[in-house]
1. Could you please rank Ser327, Ser304, placing first whichever residue has the fewest other Cβ atoms within 10 Å of its Cβ?
2. Give me Glu200, Glu285, Glu168 sorted ascending by neighbouring Cβ count inside 10 Å, so fewest comes first.
3. Express in nm, to one decimal, how much length is gained between Thr280 and Thr85 on full extension, taking 0.36 nm for each residue of separation and deducting their alpha carbon distance.
4. Is the shape of the range 91-223 rounded, prolate or oblate, going by the alpha carbon gyration tensor and its root eigenvalues a ≥ b ≥ c, with a/c under 1.5 for rounded and a/b larger than b/c for prolate?
5. What value does the range 270-366 have for Rg/Rh, both radii from Cα atoms and Rh as Kirkwood defines it?
6. Largest first and in whole Å, what are the equivalent-ellipsoid semi-axes of the range 100-152 based on the Cα gyration tensor, each being the root of 5 times an eigenvalue?
7. As a footprinting exposure proxy, order Ile172, Ile146, Ile253 by other Cβ within 10 Å, with the fewest listed first.
Amino acid sequence: MGPPPTPPARRGPGLLLVALVAAMVGTLAGVGGFLVADRVTDDGTQLQAQGPAANGTSLELRGEPLDIQGVLARVQPAVVAIRTTSTRGAGAGTGMIITPDGEVLTNAHVVQGASRIEVTLEGEVAARPADLVGADSLADLALLRIRGASGLPAVELGKSAPLRVGDEVVAIGNALALPGGPTVTTGIVSAKDRSIDQLEGLIQTDAAINPGNSGGPLVDAAGRVVGINTAVLRGGASAAEGIGLAIAMDTAIPVIDDLRKGGNVAQSKAFMGVSTQDLTDAVRERITTTATSGAVISEIVPGSPAAAADLRRFDVITRINGTDIRSSAAVVTEVRRHQPGERVAVQLYRGSERVNVTVTLANRDDF
């Protein structure tokens, strides 16, 4: 049987869901879609896990080169393909083994609503059954356990804080649920500490996007996992294309400890539909605003509550329901306090003009 059909492209800009669902086409889930990765070399050759590496291409971390094959040798054996069955149909995604006894880290949206979960290890044909240990839909992280597993290869979890903009990274995942092993792609860290509605502290990468990579590792040049590929922004007035986002490992590690306790974490599903960044002096000069602090809207999801309320790119959010907004993370925190259907008062600056709008929050599962 071939891979599940690829969901059609979402019209307009937004967050693109890339965990494949065969019987039910997904668009945006929660804070939105989910990520990530394909890149070609200068000569047009796609970097694949099963192909000749990179014609000598190497990554460099702190001046010490490590070729892509070296990265793969450390990480790829612990990357698994995930297939799920639910009332919505079949789905596919990616995960990574984090302990020899079969703990697998992935995105919560990959296994959401699954009645059956199977994982396939590198070099194996038969899928192994796995059980959901715990999931946090707001953090978009889930922990699985492969039944009866022991002595499995595991990834090395690194730290995301030392990453610098411009550092090269490798993404590995079950792109398009294609047979023959995972797809391997390269990019750089384009930015840090990005926020999109419900997710904050994200790593932005320029790795190109493919469905099925959700939950796969974003790896530094030393072969350490520094992020979990999660989302992508596409389109928009800025003509943004292929802006990949990964959950930072420093954010994920505390959540993993909670997931080991089991259960599904019930969280608010309120959705406003904005991607924001901190208002810095440099940003203030570029957008010519008189706001002194706040969160700058960088993208708006089409059809979202933010779009319906006529929020615009480069608006600077300064207050939500009377709470001062001094950073992008503060927008995430404030939205989390509410439920779908609630109305929130948003105060913002549009250039030098102060504007007050009311936004009716939606359910992020509807996007």
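Any read-out appearing in this document is the output of simple, stated calculations on the displayed coordinates, not a laboratory observation. Keep in mind that what you see is a predicted model, and the values were worked out from it rather than measured. With ideal geometry, Cβ positions are generated from the backbone for all residues, glycine too; neighbour counts draw on all protein chains shown.
1. Details: Ser327 19, Ser304 25.
The fewest-first ordering by Cβ neighbours comes to Ser327, Ser304.
2. In order of increasing Cβ crowding within 10 Å: Glu285, Glu168, Glu200.
3. This chain segment gains 65.7 nm when fully extended.
4. Values: a/c = 1.67, a/b = 1.45, b/c = 1.15.
Prolate shape, in that a/c is at least 1.5 and a/b is the bigger ratio.
5. Radius of gyration relative to Kirkwood radius: 0.94.
6. 20, 12, 9
7. The fewest-first ordering by Cβ neighbours comes to Ile253, Ile146, Ile172.
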